1. Checking Val86 against (1) farther than 13 Å from Asp124 by Cα; (2) over 13 Å from the mean Cα position of the chain (by Cα), which test does it fail?
2. Looking for something hydroxyl-bearing (Ser, Thr, Tyr) and crowded, with 16+ Cβ neighbours inside 10 Å - is there at least one such residue anywhere in the range 35-47?
3. Step by step: first the residues of the range 73-96, then only those that are basic (Lys, Arg) and in contact with a helix residue (DSSP H, G or I) (Cβ under 8 Å, 6 or more places away or on another chain), then the one that is modelled with the highest pLDDT. Which residue is that?
4. Take Met122 and tell me if it is farther than 16 Å from Leu29 by Cα and either aliphatic (A, V, I, L, M) or surrounded by 16 or more Cβ atoms within 10 Å (Cβ to Cβ) (or both).
5. All but one of (1) surrounded by fewer than 18 Cβ atoms within 10 Å (Cβ to Cβ); (2) of a type outside the set (D, E, K, R); (3) under 13 Å from the mean Cα position of the chain (by Cα) hold for Leu29; state the number of the condition that does not hold.
6. How do the helices (runs of 4 or more DSSP H) wholly within the range 12-85 filter down when requiring 2 or more residues that are in contact (Cβ under 8 Å) with a residue 40 or more places away in the chain: which remain?
Amino acid sequence: MTTETMITPYQALGGAAGVQQLVLRFYELMDELPEAYAVRRLHPESLKGSAENLFDYLSGWFGGPSLYIQKKGHPRLRMRHNPYAVGPVVRDEWMLCMKQALSEQVADEVFRAQLIDTFTQMADHMVNTQGAGPCPAGEAA
């Protein structure tokens, strides 16, 4: 397969509409699941800004338009999340929501497993504390 015929994750998810669906479901789960309490507490009451940021980021990360970079510059994910206590519990709760959203949307098991692996690596990189302690609500994605 040549690079001209390769499909990006952005395309495989259904473009902007597919990425938006994933992001919206992810945040619905974060709001609904009691098991996501610690990660939900890191976010402001309204998840609208967080959802916009995650959509913009994932758009470029998945091979679509680099919306986040156009609006805010380099993502610097770890630096942007540094004000928040991201411990193993928060990471695991974030991944619980993302895995569920992906399971509901991505039928291709191999593609879904690849996405989960990539998200797991990113989530592991965000851990900046061993606790799951409280921190102020902000715009964590």
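1. Result: Val86 fails condition (1) only.
2. no
3. Going residue by residue through the range 73-96, those that are basic (Lys, Arg) are 76, 78, 80, 91.
When the remaining residues are screened for being in contact with a helix residue (DSSP H, G or I) (Cβ under 8 Å, 6 or more places away or on another chain), the result is 78, 91.
Details: Arg78: 80, Arg91: 95.
Of everything passing the filter in the range 73-96, Arg91 is modelled with the highest pLDDT.
4. Judged against the criteria, Met122 is a match.
5. Going through the list (1) surrounded by fewer than 18 Cβ atoms within 10 Å (Cβ to Cβ); (2) of a type outside the set (D, E, K, R); (3) under 13 Å from the mean Cα position of the chain (by Cα), Leu29 breaks only (1).
6. Working: elements: 15-32, 37-41, 48-61, 67-72, 77-81.
Answer list for the range 12-85: 15-32, 37-41, 48-61, 77-81.
The values are calculated or read from the model by the stated rules, or taken from the named source; none is laboratory data. From a predicted model like this one, the values you see are computed outputs, not experimental measurements. We place every Cβ from the backbone using ideal geometry, glycine too, and count neighbours over all the protein chains shown.
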